[in-house]
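The values are calculated or read from the model by the stated rules, or taken from the named source; none is laboratory data. Just so it is clear, the structure is predicted and the values come from calculations on it, not from any experiment. So basically every Cβ, Gly included, is an ideal-geometry build from the backbone, and we count neighbours across all protein chains shown.
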Amino acid sequence: MNAKTEPQGAGKLLIDLGPLLIFFLANFFAPVPMVLKIFVATGAFMVAMVAAMIFSAIRYHRISPLLWFSGIMVVILGGLTIWLHNEAFIKMKPTFYYVLVSALLWFGLATDRPLLQRVLGGTYPGLDETGWAKLTRNWAIFFAFMAVLNEAVWRNSSTNFWVGFKLWGALPLTFLFAAANIPMLLRHGLMKEDAQPAEPGPIE
């Protein structure tokens, strides 16, 4: 039996960002009237997300719970967007995703279950328990903030502005926030010379 492995490097970027890149490209370059671009992009997004899930299953022999959730949300809300010709559904998808991730991280903190460590343990070798707790708290706050921000943007702006916000606002904010956490992570053992990849115990 093939062992399950975690996506790393280019494979992880392809799974995580590939469908979103397809969405942006379709929205910008689809040869249809402006009012129809979001629906073409949504259809392309649905196909790309399903393809990413299939790729993950074939290449890594697993589909992560968050990828399952994101894929299901894209198919359901994207389908409603196209069927009802109402782009509000696909605009709400990031909100649902942010809320779920934030809630899971807060749940992990409250119950001493290392959810983030189980997902990212190999990415942050040497990080101590305090560092994991702070990182989890920080990302839980960030995702809650992003949920509120996404709602504020899509409800008070045009579709084109929301798409632009996704590309030039949400993505850079996420990368900048990840970078802002690095000094704290280094203070809590990240990348020490004798560091080993974290191996959290099973969640019971």
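Summary table below
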| quantity | calculated |
| --- | --- |
| Scan of the stretch 112-146 for residues that are buried (at least 20 other Cβ atoms within 10 Å of the Cβ), under 14 Å from the mean Cα position of the chain (by Cα) and of a type in the set (Gly, Ala, Ser), ordered by number | ALA140 |
| Looking only at the stretch 105-127, and only at residues there that are among the polar types (S, T, N, Q) and assigned to a helix (DSSP H, G or I), the one that is nearest to PRO183 (Cα to Cα) | THR123 |
| Filter pass, LEU109 being surrounded by fewer than 19 Cβ atoms within 10 Å (Cβ to Cβ), within 13 Å of the chain's Cα centre (by Cα) and modelled with pLDDT of 90 or more | no |
| Answer from ALA110, ALA147, ALA152 - the residue that is aliphatic (A, V, I, L, M) and in contact (Cβ under 8 Å) with a residue 24 or more places away in the chain | ALA147 |
| Every residue from the stretch 27-51 that is part of a helix (DSSP H, G or I), at pLDDT below 95 and over 17 Å from PHE89 (Cα atoms) | PHE28, PHE29, MET34 |
| Residue match in the stretch 128-136 (condition: modelled with pLDDT under 95 and in a loop (DSSP other than H, G, I, E, B)) | yes |
| Members of the stretch 72-112 found to be of a type in the set (Phe, Trp, Tyr) and over 24 Å from THR159 (Cα atoms), listed by number | TRP106, PHE107 |
| The stretch 27-47, subset more than 15 Å from the chain's Cα centre (by Cα) and under 25 Å from SER102 (Cα atoms), residue surrounded by the most Cβ atoms within 10 Å (Cβ to Cβ) | THR42 |
